[in-house]
Amino acid sequence: MSTAEFIRQHPRSHRCNDLTKAELGRQVVLYGWVHGLRDHGGRRFVDLRDRDGLTQIVFKPEVDRELHEQAQKLRSEWVIGVAGAVQDRIANGGSPNPKLRSGEIEVEAQALEIFNQADTPPFLIEDNIDTAEEKRLQYRYLDLRRPAVARRFLVRHRVNQVVRRYFDDNGFLEIETPFMVKYTPGGARNFLVPSRLNPGCFYALAESPQIFKQLFMMAGFDRYFQIVRCFRDEDLRLDRQPEFTQIDVEMSFINEEEIQGAIEGLLAALWREILGVELARPFVRLAYDDAMTRYGSDKPDLRFDLELCDLTDEVRQHGGGGVALLEDVAKGEGVCKCLRLPAAYALSRTEADKLEGFVRGMGAHGLARVKVDKGGAWTQTQMAKSISEALRLAINRKAGAQDGDFLFFQFGEPKLAAMVLGRLRLHFGEKYHLIKPGDWRFAWIVDFPLFERDEKGQWVAAHHAFTSPRPDHVDKLKSAPQDCRARAYDIVLNGVELGGGSIRIHDTAVQAKVFDALGISGEQAEAKFGFLLRALRFGAPPHGGIALGMDRLVMLLTDAESLRDVVAFPKTQKGTCLMTDAPTRIGDELLTDLFIRSAAPH
RNA sequence: GGGGUGGUAGUUAAGUUGGUUAUAACGCCGGCCUGUCACGCCGGAGGCCGCGGGUUCAAGUCCCGUCCACCCCGCCA
């Protein structure tokens, strides 16, 4: 029988996970891949797999001798169709398999069609394999067959559907924005697309729909969302791909609370429908400064304590306490921060020494530490000997140091000191298993600075140039930019930044003041964002929005270790696709058509 | 651009101070097996030790370079 004939005579009736005792006695047709084979001579078992699950097929010589013979030829990953009867495993003299949804039944084969044979796959199509990711990416279509991997994409699909239904129910319009947009310098690097029709000109691939979604508000669309691909030509990380998906949202006539409420509603719907978990709302709000001070991060993992403390004041009051390392802090340069590891978490001296290398890898100059002894004395390092008693006692008091605790210190540049201890905190959280599974700690990080200094000391927008300052800070834009706070917010979950957004500037006068504070001239602003500024003058509603990292969301919902696990065809750290070999060199003839000459070394 | 980890049968790993024929498990191939589901038993095949150079009587092992993958910093509003 030909494939076409078999499919015509035996159209698929079920998927592998559909069959349970409810279908006993039914004639069914299943299509799928040979997942496993067990040959007992007189009984041949095949585990048939499709995207949903497994069903056991049994071939019996007394039912059809020829079919039973044919089954001997089957091999892993062959593609077959089977028609037969659903039977009770126990009644057939077997035993149920509690690991399978279909584990109480099996299908007694009465017709078999081999649609395709298969080479032996380079790795097993099973959940718990230990194969290098390199190999898995090279044969991604095989990796995607593995049930644990496939499951993540079924969840990803569910997320898409829940998001669409939620926003539709709440009056949001889903409208696409262009991928090929005008290049604007600053921010993330853009991928460029040459314009054949406009020699020497390039489009940029949109790093986000930011400006377009604001223009939707000016168009009066009021509430917008989009599940949209974004492109950034930056270095990759565990949680960063050059193309990624955002759930992009913008609303008019609202404030921070309304946007945050809408997103909390969305996340609650997702957690309810995907995980069956009811989230407590509203989420915690945490000021940026508090997050940095207490957790050393603007995306703190709130599932465990081990908070940092700031010792800058103590060090200054005691003039550095005779510790050479603290002299700069005492003179007013930089900060002194401390992480206390309670005695309950056993850390050997060797392990403590090794942490030095761990923090140096993050750019720290070193890791000063002491061990607290009885009565608040310090031991183990030079700093323990040289410090004045007064400062030592002051630090013990501030840090709450007890006998047997370790204290780890960072001095100097505030952000680096916070980051290093923040990462050390995460390291301890992991090392001592302080995180319990199934704990979802959402938080809104608020009161962000409006500006930050770039490497040249220039003030730049911390979020982006259209972020609204707090109304009471507009007067300080020029005089005290470091004190200006933005109407911006990040949503953080378990130490992962899920997304961020802001209330935008809708007032041309305020926008001009922000540009002025950023040192952007009227002409520069006009050249870069002229169309947006013009739109502001034609009746812009108060508006604001947010974008959520959709891939990261799925990563958290599926407990994936990497963003690559939830992207169907991800790129490697060098931005290549191991399956297709993209990107490739392009010949001169083709480049000539695009008016491009490559300067790459050959 | 910088720091780190790794690369040995199809896969995952072991491989001592440089030494004779490079091991194992799983997978694969052949045979047996009527209730398995990580089936079991018997037998077998399978290697450019990432690539290039160097040291040496001798290199999977030591040295230099390079490529690839991963983690981190910078970068990413």
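How much length would be gained if the chain were fully extended between A:GLU66 and A:ASN128, taking 0.36 nm per residue of separation minus their Cα-Cα distance, in nm to one decimal?
Details: separation 62, 0.36 × 62 = 22.32 nm, distance 3.55 nm.
Gain in length upon complete extension: 18.8 nm.
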**Study point:** When each of A:LYS415/A:LYS436; A:LYS213/A:LYS513; A:LYS299/A:LYS371 is checked by Cα-Cα distance, pairs over 25 Å
**Key:** A:LYS415/A:LYS436; A:LYS299/A:LYS371
Practice item. Take the alpha carbon atoms of segment A:180-260, find their radius of gyration, then divide it by 2.2 N^0.38 Å using N residues; give the quotient. Key: 1.29
Review point. For segment A:123-217, what does the alpha-carbon gyration tensor say about shape, rounded, prolate or oblate, given a ≥ b ≥ c as the root eigenvalues, a/c under 1.5 as rounded, and a/b over b/c as prolate?
Key: oblate
Review point. Excluding ligands, DNA and RNA, what is the solvent-accessible area per residue of segment A:472-553 at a probe of 1.4 Å, expressed in Å²?
Key: 38
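In segment A:527-588, which chymotrypsin sites (Phe, Trp or Tyr not before Pro) are in a loop and have at most 12 other Cβ atoms within 10 Å, using DSSP for the loop call?
A:PHE538
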Point to revise | Of A:GLY334, A:ALA150, A:THR508, farthest towards positive along the dipole that unit charges on Lys, Arg, Asp, Glu beta carbons give chain A | key: A:GLY334
Check your understanding: If we sort A:507-513, A:208-214 on the protection proxy, mean other Cβ atoms within 10 Å, highest first, what's the order?
Key -> A:208-214, A:507-513
Study note, to complete from the structure: Heavy-atom accessible area per residue of segment A:170-225, all protein chains kept, 1.4 Å probe, expressed in Å², is 55
Point to revise | With DNA, RNA and ligands ignored, accessible area of A:SER562 (1.4 Å probe; Å², nearest 10) | key: 10
Review point. Angle between the Cα long axis of helix A:349-360 and the longest principal axis of chain A, 0 to 90 degrees, nearest 10?
Key: 80
**Study point:** Where segment A:394-461 is the region considered: accessible area per residue in Å², 1.4 Å probe
**Key:** 49
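From the Cα trace of segment A:273-413, what convex hull volume per residue do you get, rounded to a whole Å³?
Convex hull of Cα atoms, per residue: 151 Å³.
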Check your understanding: Roughly to the nearest percent, how much of the accessible area of chain A is carbon and sulfur, given a 1.4 Å probe?
Key -> 50
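Before anything else, pin down the relative contact order of chain A: Cα pairs under 8 Å, at least 6 apart, normalised by residue count, whole percent. Before the final figure, lay out the partial values.
Details: 1098 pairs, mean separation 76.5, N = 602.
Relative CO of chain A lands at 13 percent.
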Check your understanding: Between the DSSP loop rule and a limit of at most 14 other Cβ atoms within 10 Å, which GluC sites (Glu not before Pro) in segment A:442-521 are left?
Key -> A:GLU455
Check your understanding: From the square roots a ≥ b ≥ c of the eigenvalues of the alpha-carbon gyration tensor of segment A:500-602, which class results: rounded (a/c under 1.5), prolate (a/b over b/c), or oblate?
Key -> oblate
Review point. If you take all C-alpha pairs in chain A, what percent of them are over 47 Å apart?
Key: 33
Exercise for review: Any chance you could list P(r) for segment A:423-483, counting all Cα-Cα pairs in 5 angstrom bins from zero, rounded to whole %?
Suggested key: 4, 13, 17, 16, 9, 9, 11, 12, 7, 1
Point to revise | At 1.306 mPa s and 10 °C, Stokes diffusion of segment A:47-123 via Kirkwood alpha-carbon radius, µm² per second | key: 119
**Study point:** Rough spin-label spacing in nm, given labels placed 7 Å along Cα→Cβ, for A:ASP475 and A:ASN116
**Key:** 7.2
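In percent, what relative contact order does segment A:1-146 have, based on Cα pairs under 8 Å that are 6 or more apart in sequence? Don't jump to the answer; show the numbers that get you there.
On the way: 282 pairs, mean separation 34.9, N = 146.
Answer for segment A:1-146 is 24 percent.
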Point to revise | Heavy atoms of A:HIS506: accessible area, 1.4 Å probe, square angstrom to 10 | key: 70
Check your understanding: How big is the Kirkwood radius of segment A:55-171, worked out from every pair of different alpha carbons and given in Å to one decimal?
Key -> 17.5
Check your understanding: Which GluC sites (Glu not before Pro) does segment A:178-274 hold that lie in a coil by DSSP with at most 16 other beta carbons within 10 Å?
Key -> A:GLU234
Review point. Put A:ASP559, A:ASP454, A:ASP18, A:ASP50 in order of accessible area, largest first, 1.4 Å probe: what do you get?
Key: A:ASP559, A:ASP18, A:ASP454, A:ASP50
Study note, to complete from the structure: segment A:529-602: relative contact order from alpha carbon pairs under 8 Å, six or more residues apart, as a whole percent, is 11
Study note, to complete from the structure: From highest to lowest solvent-accessible area (probe 1.4 Å; ligands, DNA and RNA excluded), A:TRP378, A:TRP33, A:TRP444, A:TRP459 read A:TRP33, A:TRP459, A:TRP378, A:TRP444
Practice item. Can you pull the one-decimal nm distance between simple spin-label points at A:THR379 and A:GLU589, each 7 Å off the Cα toward Cβ? Key: 7.9
**Study point:** Cα-based shape type of segment A:9-75, given that a ≥ b ≥ c are square roots of the gyration tensor eigenvalues and the cut on a/c is 1.5
**Key:** prolate
**Study point:** Debye-sum result for segment A:234-331 in log10 I(q)/I(0), which assumes one identical scatterer on each alpha carbon, at q = 0.10, 0.15, 0.20 Å⁻¹
**Key:** -0.55, -0.92, -1.21
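The values are calculated or read from the model by the stated rules, or taken from the named source; none is laboratory data. It should be emphasised that the depicted structure is a prediction, and the values quoted were computed from it without experimental measurement. Cβ sites come from the backbone with ideal geometry, for glycine too, and all protein chains shown count toward neighbours. The area values use the complete protein model at the heavy-atom level, side chains included, leaving out ligands, DNA and RNA. Shrake-Rupley method; radii C 1.70, N 1.55, O 1.52, S 1.80 Å.
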